[in-house]
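The values are calculated or read from the model by the stated rules, or taken from the named source; none is laboratory data. Computed from a predicted structure; not experimentally measured. With ideal geometry, Cβ positions are generated from the backbone for all residues, glycine too; neighbour counts draw on all protein chains shown.
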Amino acid sequence: MNLILLQQGYPIARIPGDDASRYAYYNALEQAQSDSNKEPFHRLVCHYVKASLFEYLAMVSASMEGSHGGDGAYFYERIAPYL
């Protein structure tokens, strides 16, 4: 999944290893495979891709001089219309 995301220009979907996140992932994956309902899986992946993007923006903005608190706000304000 992450290889496909990277090949398409998206950040990876880092799904936490806690029980709740793991259960949500497996449940969404099962729905996509058995019920042919891919929407929950797509939404879950989108959520984690978005979280990864914000983490990346926070790292980039923190490393730049004149960053706005290192929280990715500077970049987020500019890309928000496209999200």
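Here are a few things to note about the model shown:
- Candidates Phe41, Phe75, filtered to the one that is at pLDDT 70 or above and surrounded by 11 or more Cβ atoms within 10 Å (Cβ to Cβ): Phe41
- Leu29 part of a helix (DSSP H, G or I), surrounded by fewer than 11 Cβ atoms within 10 Å (Cβ to Cβ) and not polar (S, T, N, Q): no
- Residues within region 1-26 that are within 21 Å of Tyr56 (Cα to Cα), part of a loop (DSSP other than H, G, I, E, B) and either of a type outside the set (Val, Ile, Thr) or in contact (Cβ under 8 Å) with a residue 40 or more places away in the chain (or both), tallied: 10
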